[in-house]
1. Apply the Karplus parameterisation 6.51 cos²θ - 1.76 cosθ + 1.60, with θ equal to phi minus 60°, to every residue of segment 57-71 and state each ³J(HN,Hα) to the nearest whole Hz, in sequence, with x for glycine and proline.
2. Kindly state, to the nearest 0.05, the FRET efficiency for L154 paired with A269, given R0 = 35 Å and r defined as their beta-carbon distance.
3. So what's the angle, to the nearest 10 degrees on a 0 to 90 scale, between helix 12-27 and the longest Cα principal axis of the chain?
4. In nm, to one decimal, how far is the modelled label at D288 from the one at E310, with both set 7 Å along Cα→Cβ?
5. Counting only residues 5 or more places away or on other chains, whose amide H sits under 5 Å from the amide H of G234 once H atoms are built in the peptide plane?
6. When the chain is fully extended, how far beyond the present Cα-Cα distance does K352 get from I182, taking 0.36 nm per residue of separation?
7. For the chain, what's the radius of gyration and Dmax over Cα atoms, in angstrom?
8. Which distance in nm do the two modelled labels at D142 and K251 give, with both placed 7 Å along the Cα-to-Cβ direction?
Amino acid sequence: MRKIKKEEKMDPTKEFLGALDAIVKEKGIDKNQVLEAMELALASAYKKHTGKSNGKAKVNPVTGEIKVYSFMTVVEEVTNPETEISLADAKKINDKLEIGDTIDEEVTTEDFGRVAASTAKQVVIQKVREAERQVTLDTYKDKQDELLIGTVALEDTDNYYIDLGRSNGILPKKDIIPGETIEMGSTIKVYVTKIDNTGRNLVIKLSRCHYGFVKRLFELEIPEFSDGTLLMYGVARDPGVRSKVAVYTEKSNFEPIGACIGEKGSRIANIIKELHGEKIDVIKYDNDPKVFIENALAPAKNLTVLITNEKAREAIVVADDDNFSLAIGKKGMNARLASRLTKYKIDVKSMKEASEMGINIKGE
């Protein structure tokens, strides 16, 4: 085996081309962007090395050959003799030259030492990072308020980091479903609450307790949402406990709640499983606020709804003894979720309270 002498070095052209191909393959970015970065880096190194700003570089994308040029710009009147040449002098070199044209002269790159090479490397790294960032941004810029599937990659005190492919998303521990266990390496569905590209790095904020997570799960599990047969009015949620989902259809002879439940409850069961047992009330939306409020207070029945202030969106709901506690719910949750869903302030009263207020239910 031939020993390589210490002074022997790898062909820099081949070294550069190999590095270029590795960057393109590893980062999945446009080769032309990397070439541009390389050329800017070499021009920057030339300026640093010579103190002149009239340098430019060209990189052959096939062979990897690098050529550096100094150029003079053809002008009417020379103000900087280092970078400009008069039109009259330029015509002596080539009578076809006009103002604004440049005269390029190749310069040797052998004088580019370690400092110049390091400068070029730093500029290239920066340009590659910018290109990577743009690719990542292009991939995720339209993903806000969408459902994504990723892999749980890392964990710290406050967050889980979800591998989404080209980037990691941040799932704060306060935004997971109460009581659920997140395992490293597991596949997980997440809802994108925010895409922040204002800082140094792209930040993708995720949640599993946002009401939008339930909305997207319904759309994922129930195909009638995608073809417009089913429509969703809204979602109100207490994560890990209960969600109310209001749906409707504009098509006759179609049952929206049945479509959400599925045969033998199969569709809703899949959603509940993803939500780790969270209860779901599928509510039929109605244009009549009285009907909608009554529907939203399920599982309570036999309710009387009075719109007391339409402009302020306030309502009183009277429930009999059998349905009063159901209408309010544990710690007021059922009424609270119904209020969020309908966007009405709901005040639930018993029959006795209604009578004391002078509300005549029979006459309503």
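Read-outs: derived from the displayed coordinates by stated rules, not from any lab. Note that this is a predicted model, so its numbers are computed, not measured. Positions of Cβ are generated from backbone atoms using ideal geometry, with glycine treated the same way; all protein chains shown enter the neighbour counts.
1. 10, 10, 10, 6, x, 8, 8, x, 5, 10, 10, 10, 10, 9, 10
2. Details: r = 32 Å, r/R0 = 0.91.
Between L154 and A269 the formula returns 0.65.
3. The angle comes out near 10 degrees.
4. 1.4
5. Long-range HN contacts for G234: A246.
6. 56.4 nm
7. So, for the chain, Rg and Dmax equal 34.0, 108 Å respectively.
8. About 2.5 nm separates the two model spin labels.
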